[in-house]
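Only one structure is covered here, and it is reproduced in the block below.
The values are calculated or read from the model by the stated rules, or taken from the named source; none is laboratory data. Because the structure is predicted, anything quoted here is derived from the model rather than measured. FYI the Cβ positions are ideal-geometry reconstructions off the backbone, even for glycines, and counts take in every protein chain you see.
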Amino acid sequence: MPKKLIASLFAILSFLSVADTNRVNILMVLWRGDTPAEIGFKQQLNNYGYDVWYTVFDAKQNRDDLVWFVQSEIKPNLKYYDYIYTFGTTVSSLVKQRQVSTVPQLFMVVSDPVKAGLVKSLAEPVGGNITGTTSSVSLYKQLYNAKKLLAFTKVGFLFNPRELNSQHISNKLFSLQSELGFEVKRFRIKPDKEASINDFNIIMTKIVNTGINTVYLSSDSFLLSKRKLIAQSLIAHKLKSIASEEAFVLDGALLGTVASYEKLGQQAADIIHKHQQGEKIANMKVVTPQQVKFIINANTLKKIGLEVNPSQLKDVTFIGSG
């Protein structure tokens, strides 16, 4: 978004009436554009009857632009906002680190809010002016479910050095190796916006040549932005994939045990409603996924030559016609 346009948005805000008790002014700071989380969030606030003014900044996965926006635009204009909505680990952590504010911050679908330094615990009320939702489904559960269908002793992990989640999840995978009987090998990727199918084909070829037949796709904004290309490359190399997010499976990854982004967005709106009704942010816990589903892409199953009897898998949702 051009800086002049952003400035004009803040100028408009100065004319908004604060007398309207049903009005809520929300600054949304996004990392990779709208997701189903934002759709659920806005729909739920509309259902509650709030008159919401949204100012949206999409960093488009550019950390420099994000830093500029936080330092130059958020701090001087905090008085115009009732809430700051931040999507993902990178955005949420940077906003929390770079600004001290009485404005509540709501973080969305952060994989590990404790490791990211956003809150001290998931089990207790946050005790501060920040709370939100985590998209984290037990990694043990994801891999345990995957083993119902897949036989693997090695797992390839696409490691993004610029993403906090990538490091956190990588460490968790290594800690589960002995318990679940597999070996993890990291494959470093370059998070280039211009990455093509050829770039991913090079990585997948390395994975295959290492004797690995299964890849884990972590909750990583860059990987999610390139998920269609990644899925194409995985399928072309007959690689099985375990996805951490629903979007991966919808666009061609093989399977995943995942949370609903839209539902988490609705629950974030519930936080605002509770706060508007008088409950303190400090007394609220981080929202964890309540609706988790094991999904399999039937089309991908067929393309990579896997056969499975659906009756042998309980509580599985098959996507696609097969």
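Numerical summary
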quantity: Criterion: touching a residue at least 12 places away in the same chain (Cβ under 8 Å), under 16 Å from residue 218 (Cα atoms) and not assigned by TED's automatic domain parsing to the domain that holds residue 36 - qualifying residue of 165, 171; calculated: 165
quantity: Boolean, residue 122 is surrounded by fewer than 22 Cβ atoms within 10 Å (Cβ to Cβ), of a type outside the set (Asp, Glu) and out of contact with any Cys (no Cβ under 8 Å at 6 or more places or on another chain); calculated: yes
quantity: Considering residues of segment 48-67 that are part of a helix (DSSP H, G or I) and touching a residue at least 24 places away in the same chain (Cβ under 8 Å) only, the residue nearest to residue 269 (Cα to Cα); calculated: 48
quantity: Spans of strands (runs of 3 or more DSSP E) in segment 234-322 with at least 1 residues in contact with a Gly (Cβ under 9 Å, 6 or more places away or on another chain), at pLDDT 90 or above and closer than 27 Å to residue 41 by Cα; calculated: 240-243, 292-297
quantity: Residue tally, condition over 13 Å from residue 169 (Cβ atoms), modelled with pLDDT of 95 or more and not in a helix (DSSP H, G or I), over segment 216-233; calculated: 0
quantity: Odd one out for residue 165 among (1) buried (at least 20 other Cβ atoms within 10 Å of the Cβ); (2) over 21 Å from the mean Cα position of the chain (by Cα); calculated: (2)
quantity: Close pairs (6 angstrom Cβ cut-off, 6 or more residues apart or separate chains): surrounded by 16 or more Cβ atoms within 10 Å (Cβ to Cβ) in segment 20-40, outside any loop (DSSP other than H, G, I, E, B) and among the charged types (D, E, K, R) anywhere; calculated: 30/58; 36/262; 40/262
